[in-house]
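This report refers to the structure that appears directly beneath it.
The values are calculated or read from the model by the stated rules, or taken from the named source; none is laboratory data. Note that the coordinates shown come from a computational prediction; the quantities given were computed from them, not determined experimentally. Methodologically, a virtual Cβ is constructed for each residue, glycine included, from the backbone with ideal geometry; neighbour enumeration extends over all protein chains shown.
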Amino acid sequence: MTQVRRRIGVMGGTFDPIHYGHLVTAEAARKEFGLERVVFLPSGIPPHKDPKAVTGAEHRYMMTVLATLSNPHFDVSRVDIDREGVTYTVDSLKILKQLFGESTELYFITGADAILEIVSWKNSDQLLKLAHFIGATRPGFSLQSVPKLTQEWLASHPERVHLIKVPALAISSTDIRERVRAGDSIRYLVPEPVEHYIRRHNLYK
């Protein structure tokens, strides 16, 4: 009798702040790929962003916890928050592989724009050996619009790279931060506890 391997989703991101687009994406991936759970992984020091322009890790971690509390299939990990240095996905996946066991199939969930840049990530050749990659796209997204080299890379790994369409991805963390700075409403863009946290700690002003 063949043993069914555990499937664990890993939702990586800066989450500055986490919003409904992230949550809808995680739930869509969980259902479509039969994931046991989705572990949210707030980055510590993102490699492709100016550290001074990113909100403190503890704030981003707490907002992620508040946003995911109501879903029993969602967890939040401090793997990237607690370790020193720049946060690289390949290192995070190695740690999670050890935590969940080598027999566990990891599914790394992120935006399709990040997937398209994966060839530039640290040790990109190792990434697909450690996990499947799920890229969330907006409706209407076409691979024809991305560089030919990226198209070829994706086509060469059809069993490890997957794209799913998520309408809620029209929401962006950048827009939410700008709305807060402008004094505009962010209600229904982020979970209510996250909105209260942002106000209480005077973030993004």
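Apart from one condition, V76 fits all of (1) surrounded by fewer than 16 Cβ atoms within 10 Å (Cβ to Cβ); (2) under 24 Å from A28 (Cα atoms); (3) free of Cβ contacts under 8 Å to residues at least 60 places away in the same chain; the exception is (1). Can you tell me which residue within segment 162-186, out of those that are at pLDDT 95 or above and of a type outside the set (D, E, K, R), is nearest to D113 (Cα to Cα)? By that ranking, first place goes to I176. Only residues that are in contact with a helix residue (DSSP H, G or I) (Cβ under 6 Å, 6 or more places away or on another chain) and hydroxyl-bearing (S, T, Y) were counted across segment 147-205, and they come to 2. Looking at segment 1-53 only, could you name the residues that are in contact (Cβ under 8 Å) with a residue 24 or more places away in the chain, under 19 Å from I198 (Cβ atoms) and over 16 Å from the mean Cα position of the chain (by Cα)? Answer for segment 1-53, where residues must be in contact (Cβ under 8 Å) with a residue 24 or more places away in the chain, under 19 Å from I198 (Cβ atoms) and over 16 Å from the mean Cα position of the chain (by Cα): there is none. Against the criterion of being more than 25 Å from P46 (Cβ to Cβ), modelled with pLDDT under 70 and out of contact with any Ser or Thr (no Cβ under 9 Å at 6 or more places or on another chain), Q151 does not qualify. Residues in segment 1-21 that are under 22 Å from R160 (Cβ atoms) and at pLDDT below 95: T2, Q3, V4, R5, R6, G12, G13.
Can you spot a residue in segment 109-124 that is in contact with a Lys or Arg (Cβ under 7 Å, 6 or more places away or on another chain) and in contact (Cβ under 8 Å) with a residue 12 or more places away in the chain?
Checked segment 109-124: no residue is in contact with a Lys or Arg (Cβ under 7 Å, 6 or more places away or on another chain) and in contact (Cβ under 8 Å) with a residue 12 or more places away in the chain.
Would you pick out the residues in segment 151-205 that are basic (K, R) and within 19 Å of H59 (Cβ to Cβ)?
Correct list: R177, R179, R181, R199, R200, K205.
Residues that are aliphatic (A, V, I, L, M) and assigned to a helix (DSSP H, G or I) were ranked within segment 178-198; the one that is surrounded by the most Cβ atoms within 10 Å (Cβ to Cβ) is V194.
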